[in-house]
Amino acid sequence: MDIGRVMQIMDASYRTRRIIEHSLHEIDRRALNAMVLVKRHGNKLAGYGVVAHSFREQAAQLEKAAAPLQQSIAPLVRANMRILQLRRYAEVFRRAVKNTAAGRGVGCTLCGSAKGWQHSIAEEEAGAQSILRHLVQIAIRLQEGIAEQEYVVTNGRIEAALSERSGAPLMRVSQEMGVAVASVREAIGGYRNDLEEVLHESSTGI
């Protein structure tokens with residue numbers, strides 16, 4: 001895996017996490033505003049009160065699910081730094097074997113050491129791919145969470161449409177929440193695509 005691609009994933013992880021945090025904060029803030037409006041109108045907006053509470057719960061779950069994004073990046077960077085170091089060692093041994101014209105015993109020893117370095121590289125690469133697959137799974141879980149949040153957005157719009165006097169402000173809140181959810185969906189979708197592209201490259205040796 002190219003170190004440039006690893007840095008790209010690191011940047012994408014940070015950017016995605018920031019978008020998620022900002023959008024979920026907006027969702028939570030707007031849900032609180034909606035709950036205040038619901039409280040003012042009592043039972044008339046009880047249905048939307050359930051929706052607003054669900055918004056907050058889903059946002060909290062998404063924030064928790066996104067936490068491992070940054071946590072997995074440091075191990076990925078460390079694994080790739082070790083791979084670079086091992087490749088340098090392997091290249092040194094490869095050149096030593098090539099330049100050893102005499103002393104076959106020494107040459108055989110070097111060959112064995114070179115194979116050892118290659119084995120270590122393969123192990124580290126497998127570990128890096130495992131981290132990438134873990135990140136993809138996190139992205140998938142986040143996408144599932146966003147799908148549930150979008151369902152809540154739809155329910156919010158329905159409840160707002162059913163409300164008489166307070167329908168307009170509630171509809172506006174639902175629309176704003178929909179925009180925030182959409183921004184998270186797009187960020188996670190793009191992040192997952194980046195991860196799967198790098199995982200494909202590393203597994204096929206491109």
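Since every read-out is calculated from the coordinates, none of them should be taken as a lab result. If you're wondering where the values come from, they're calculated on a predicted model, not measured in any experiment. Cβ atoms come from the backbone with ideal geometry, glycine included; neighbour counts cover every protein chain shown.
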Note: Arg40 to Asn99 extended length (0.36 nm per residue) minus current alpha-carbon separation gives 12.8 nm
Whole-Å distance linking the alpha carbon centroid of region 114-144 with that of region 71-96 is 14 Å
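Can you tell me the order of 83-89, 31-37, 54-60 when each peptide is scored by its average per-residue count of other Cβ atoms within 10 angstrom, highest first? Let's see the in-between values first.
Values: 83-89: 15.6, 31-37: 17.9, 54-60: 19.9.
Order by mean packing, descending: 54-60, 31-37, 83-89.
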So Arg87 and Val136, fully extended at 0.36 nm per residue minus their Cα-Cα distance, gain in nm 15.0 nm
The size of the Cβ-based charge dipole (Lys, Arg +1; Asp, Glu -1) of the chain about the Cα centre, to the nearest 20 debye, is 520 debye
